[in-house]
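Notes to accompany the following structure.
The values are calculated or read from the model by the stated rules, or taken from the named source; none is laboratory data. Bear in mind the structure is a predicted one, so any value in this text is a computation, not a measurement. Cβ: placed from backbone, ideal geometry, glycine included. Neighbour counts: every protein chain shown. For accessibility, only protein heavy atoms count, side chains too; no ligands or nucleic acids. Shrake-Rupley method; radii C 1.70, N 1.55, O 1.52, S 1.80 Å.
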Amino acid sequence: MGRRSVMAALDEERRRAGARLAAAGAELDDLRSAGGGADDEHDPEGSTVAFERARVATLVADAQDRLAAVEHALARLEAGTYEQCAACGGPIGEERLAARPTADRCVRCARP
Ligand SMILES: [Zn+2]
């Protein structure tokens, strides 16, 4: 895989993760202002708000993970180990990297 197309794929992934993070952050702000400091315990809507907060917090964490993965992949690209599995040292495989540009392990090592 060419370095240029890898960079483009990582840029796209970063753009998407950044957009997700911004959207989730805005949603979180909405939830905060909707709560208005009300006591969740006695608010019939409270449990729903808590659930929504937890859901959005997961989205934020996921987007942050994606951004971190992009930075990690860029560092690996810089170090010349981008296409090398971080666990076994073997090739990750072009197909896998095309599908997941931030993958740092081969399919075998990525399995739980
Ligand atoms: Zn491996």
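For this structure, a couple of remarks:
- Whole-percent pair-distance distribution, where bins are 10 Å wide, for the alpha carbons of the chain: 14, 34, 22, 16, 12, 3
- Here the gap between A22 and V60, fully extended at 0.36 nm per residue and compared with their Cα-Cα distance, gives a gain of 12.8 nm.
- Modelled spin labels at R32 and D11, positioned 7 Å past Cα toward Cβ, are 3.3 nm from each other.
- Once backbone amide H atoms are built at 1.01 Å from N, Q84 has I92 as its partners under 5 Å, excluding neighbours fewer than 5 places away on the same chain.
- Note on the chain: GNM, Cα springs under 10 Å; of R20, R96, R32, the largest mean-square fluctuation is that of R32.
- Heavy-atom accessible area per residue - the chain, 1.4 Å, Å²: 65 Å²
- Percent carbon-and-sulfur accessible area, the range 3-82, ignoring ligands, DNA and RNA, probe 1.4 Å: 55 percent
- When the charge dipole of the chain is built from unit charges on Cβ atoms (+1 for Lys and Arg, -1 for Asp and Glu) and taken about the Cα centre, the candidate among A26, G90, C106 whose Cα reaches farthest toward its positive end is G90.
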